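The values are calculated or read from the model by the stated rules, or taken from the named source; none is laboratory data. Here the structure is a predicted model, which means the values were calculated and not measured. For neighbour counting, all protein chains shown are included, and Cβ atoms are generated from backbone atoms with ideal geometry for every residue, glycine included.
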Amino acid sequence: MKTTGRVVGITSNLVTVKVDGAVSQNEICYITLDGVKLMSEVIKVSGDMASVQVFESTRGLKAGCLVEFEGHQLEVTLAPGIMSRIYDGLQNDLQKLDTLFLERGIYNAPIDYDHIWDFTPTANEGDRVVAGDWIGSVKENFLDHKIMVPFKLKGSYKVKSVAAEGRYKVTDTMATLIDDKGVEHIVTMVQKWPVKEAVVAYKEKPRPFKTMETGLRAIDTFNPIAEGGTGFIPGPFGAGKTVLQHAISKQAEADVILIVACGERANEVVETFVEFPELDDPHTGRKLMERTIIVCNTSNMPVAAREASVYAGMAIGEYYRAMGLKVLILADSTSRWAQALREMSNRMEELPGPDGFPMDISAIISSFYARAGYVKLNNGSTGSVTFIGTVSPAGGNLKEPVTESTKKAARCFYALSQARADSKRYPAIDPLESYSKYLEYPEIQNHLNSFFEEGWVENITYAKTLFLRGKEAFEQINILGDDGVPIEYHDRFWKSELIDFVILQQDSFDKIDSNCPVDRQKFMFNAVLDVCRASFTHKDFEDCTQFYKQMINDFRQMNYSEYNSTEYSKYLSDVNELVASRKVTDL
Amino acid sequence: METKAFQKIYTKIDNITKATVTVRASDIGIDELATVNGRLAQVVRIDGSEITLQVFSGTEGISTSSEVIFQGEPPKLKVGDDLAGRIFNAYGEPLFGSKEVVGEAREIGGPTINPYKRLQPSEFIPTGIAGIDLNNALVSGQKIPFFADPDQPYNQVMANVALRAKADKIILGGMGITNDDFLYFKNVFENAGALERIVFFVNTTENPPVERLLVPDMALTAAEYFAVDKNEKVLVLLTDMTLYADALAIVSNRMDQIPSKDSMPGSLYSDLAKIYEKAVQLPGGGSITIVAVTTLSGGDITHAVPDNTGYITEGQLFLRKDSDTGKVIVDPFRSLSRLKQLVIGKKTREDHPQVMNAAVRLFADAASAKTKLENGFDLTDYDERTLKFAFDYSNDLLSIDVNIDVTQMLDTAWALFSKYFKKSEVAIKEELVNKYWK
């Protein structure tokens, strides 16, 4: 029998319930108000009083309303048919809701239970299997969606029978398993998983050892992210966090992209689901929406469901990873989730930590980021979840608790700078502040040196040093005046500008420049480094300025032209001519 | 408020604070309205039978034996076509002796629109102001605030935007505006013969501050009526959102909540987002566009109110006085319209995006030249030219007194480019330069 209770206290969406039986932390319950059931989650228990956060508006709720406890935590439904859907934080399918407005208490099925899938078995009778092992697969869009031994099953099982190749519904029996005690377990295509628990149905989680292409020069060339790695993008508003995340979601070399819009603008989600069905995936040529899942809890949707949305996104990502796929999760923004935690902690009158955030915010963030990773599955296949979150620091100040906690957890740091954004140098990733810890991994260094070319990592370091020296020269010029410094200072400064304009800056709104594949990046980077390594004679600093401005213009035209087209070659020869006209020696 | 049948009346108040009263009652819903000694109040906390009510106009003079009458429903606004052309107070009651609106009473602060049902904003809203149209084009369904110091003419600019924006309805939510500003808006709209398209919800400085909290929801409920039910293009003006946030802070303080940054409540982001996210492009053709004002203190955008606002809205418009031309301009560096990409070069001429960027870049070069000059360094020929360009650009384009269409703005920009620069210095795609260079 279900535990029930009655509402005794209400403050905004925090409700206190007097219960008549056992309740557990994070248990889901439904509060009935005028026949409408409002989903809620237990966040604190003291004696027979449970504090629950309601995932909906509590308007009109009264003391005495009935509460029914469900006996399980917040779970996601995992099954074929998740792909290409647009969910809210509680995994309601937003496309299937008829009304213009999201009426509270309306929940629907996350997948289509009537859909018929073509199943191909891969497991055999008598196989020993554990949680996460593949029984067979169905075609979901273009992916092989594996049907797995449910993650919840503990220990090992013997396969008693597997369904024959054929057409089935998700609820049909796909396999029967027998445990050591001889008890039979039915496996269907659907399983449920509590979102706050990490899926660990894999053999091992090695250190990431290869990079993931994003098509962005400032990332791939300068601070690459590893497949199965973590990164975060903090930045003040207007610095281009969202544009950057969109660019990554469109171009990244991944099988599955999960976009978690957490407490952000609804129009940004609209942009995704309007554009993605039309745009091509640059890697497969299929439509982007075919590989994309959106979980959205926009800023005006109930605050408590924000947290649910990031966890739901992660759990779905882990599910696809267990199929041996390369998953990329983008969450915009994790600060909104932290703020939701803060609102609730405040209402519970907990003692506040820094800036009013709960004391354990740092632990919550790092255990969440830890769920990403590259894994080896039991059958030898590999899969990965790469996670990139944005952080919206209050006042653009990176010394705030969410940014600081995330910095400890994530390995790539893409700091967006207001100064770069103000001078329209997009993406505004600050080349000096930002880093990729992966560049220090020997396995990643080996990968880069063999994937691009020998000496690639050294070249990155060299370019970064040049950039830094250029900035220093610029400061000297500003202090001493154009005429007050040797001409080399100008040359040095302009070389850093060349790197900035040609490599770091990228026009997200240009059809060609927005996505720069790695071979093109390699060519461009080498071309720019060749110029940087050469020394030139200039009559005076104005002459120097003109020379580099012309060169930057030619290089930028290359970025705007189709790779290896006649136009591209024309601008390239313009660059070469220009270089030859001034060049003295190679440095 | 009239009394209705079956209302529960209580006459024993247990606690009174500056803003709240507590009374023992049963079967009361959260957010429900009540009157306390005739003053409007709302249920904000329920603890067993203890009901805490926030009295909007304050609790001065309320006695423990004052009458508390529960209305059994949350705040509502009567919506109908005759909302138009009228002025209401924060409770949605008509002012200046006009009669009650005939129509359905709707809960304010209603549910969210399913994001999947939204359309992508795609209609350009020309304002004639080049600092906006050229550099920060507005799009229907957008939400954007003016970030301005109190001494800047934001209300005038907003009134101009409203009149030129060709909206079917203009809904003005005035929060803590001075009576003078209120009369200014009223006169401007009256003189333009636009009063019939306008709905006012006003809380002036003469009214209690907490009442302000109802204004945005009232205004947006009216907006949703026209946009959703009538498929109209609605422009909502909210001034001043900083004063709204101040009222939130007052309430949260009186409710003993732990303040977060700048003494603002921890829920400030969500509170503001609920308002701004009502901006929408609807499938039926209607739209709600929100132009708001967030006043700054000494231009500080790191304060919690502008900071949270910036994360919610789709850009922001900064006004500043240009010291060279002496005119108020829309600052091209700090202003941003996030939705402009949806219309510029698509609904406007193809060269719009590149012209916009090139002009701003040259304007930035002028700013560095100016710094050089101030530091006593010699200027190069290029520096000199950028300074001349900057003056003309401010005067002919950025200034808020400009009123021309977008094509004229682009032509003006090209004319300035060719007057002061070489083609290579402007760094625009060659095919565009060949076509438009003057």
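Descriptive notes on the structure:
- Residue that is nearest to residue B:208 (Cα to Cα), among those in the range B:75-129 that are in a strand (DSSP E or B) and not hydrophobic (A, V, I, L, M, F, W, C): B:89
- Residue, farthest from residue B:110 (Cα to Cα), within the range B:208-241, restricted to residues that are buried (at least 24 other Cβ atoms within 10 Å of the Cβ) and among the polar types (S, T, N, Q): B:239
- Among the residues listed as A:310, A:303, the single one being of a type in the set (A, V, I, L, M, F, W, C) and in contact with a Cys (Cβ under 7 Å, 6 or more places away or on another chain): A:310
- Yes/no for residue A:387 being away from chain B (no Cβ under 14 Å), modelled with pLDDT of 95 or more, surrounded by 21 or more Cβ atoms within 10 Å (Cβ to Cβ) and out of contact with any strand residue (DSSP E or B) (no Cβ under 6 Å at 6 or more places or on another chain): no
- Test: residue B:315 is under 17 Å from the mean Cα position of the chain (by Cα) and either within 8 Å of chain A (Cβ to nearest Cβ) or at pLDDT below 90 (or both): yes
- Verdict on residue B:298 being part of a loop (DSSP other than H, G, I, E, B), at pLDDT below 95 and small (Gly, Ala, Ser): yes
- The range B:247-276 - residue that is free of Cβ contacts under 8 Å to residues at least 60 places away in the same chain and away from every other protein chain (no Cβ under 12 Å) and, of those, nearest to the chain's Cα centre (by Cα): B:248
- Unique residue being surrounded by 24 or more Cβ atoms within 10 Å (Cβ to Cβ) and in contact with a Lys or Arg (Cβ under 6 Å, 6 or more places away or on another chain) when the list is A:378, A:297: A:297
- Hits in the range B:313-331 (condition: surrounded by fewer than 23 Cβ atoms within 10 Å (Cβ to Cβ) and over 12 Å from residue B:146 (Cβ atoms)): B:321, B:322, B:323, B:324, B:325, B:326, B:327
- Of the residues B:361, B:334, the single one that is part of a helix (DSSP H, G or I) and basic (Lys, Arg) is B:361.
- Comparison of B:331, B:300, B:322, B:351 shows that the only residue that is over 22 Å from residue B:127 (Cα atoms) and either acidic (Asp, Glu) or more than 9 Å from every other protein chain (Cβ to nearest Cβ) (or both) is B:300.
- Scanning the range A:389-416 for residues that are in contact with a Ser or Thr (Cβ under 7 Å, 6 or more places away or on another chain) and aliphatic (A, V, I, L, M) yields A:391, A:402, A:409, A:410, A:415.
- Restricting the search to strands (runs of 3 or more DSSP E) fully inside the range A:313-409 and requiring at least 1 residues that are on the phi > 0 side of the Ramachandran plot gives A:373-376.
- Checklist (1) surrounded by 14 or more Cβ atoms within 10 Å (Cβ to Cβ); (2) touching a residue at least 24 places away in the same chain (Cβ under 8 Å); (3) in a loop (DSSP other than H, G, I, E, B); (4) out of contact with any Pro (no Cβ under 8 Å at 6 or more places or on another chain) applied to residue A:144, failing item: (3)
Residue-by-condition table, conditions (1) in a helix (DSSP H, G or I); (2) at pLDDT 95 or above; (3) touching a strand residue (DSSP E or B) at 6+ places or on another chain (Cβ under 6 Å); (4) surrounded by fewer than 17 Cβ atoms within 10 Å (Cβ to Cβ):
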position	(1), (2), (3), (4)
A:424	no, no, no, yes
A:431	no, no, no, no
A:447	yes, yes, no, no
A:466	yes, yes, no, no
A:469	yes, yes, no, yes
A:475	yes, no, no, yes
A:492	yes, yes, no, no
A:508	no, no, no, no
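- Residue in the range B:91-103 that is within 14 Å of chain A (Cβ to nearest Cβ) and either within 23 Å of the chain's Cα centre (by Cα) or closer than 15 Å to residue B:218 by Cβ (or both) present: no
- Odd one out for residue A:51, checked against (1) away from chain B (no Cβ under 14 Å); (2) over 25 Å from residue A:295 (Cβ atoms); (3) of a type in the set (Gly, Ala, Ser): (1)
- For residue A:23: the one exception among (1) part of a strand (DSSP E or B); (2) modelled with pLDDT of 95 or more: (1)
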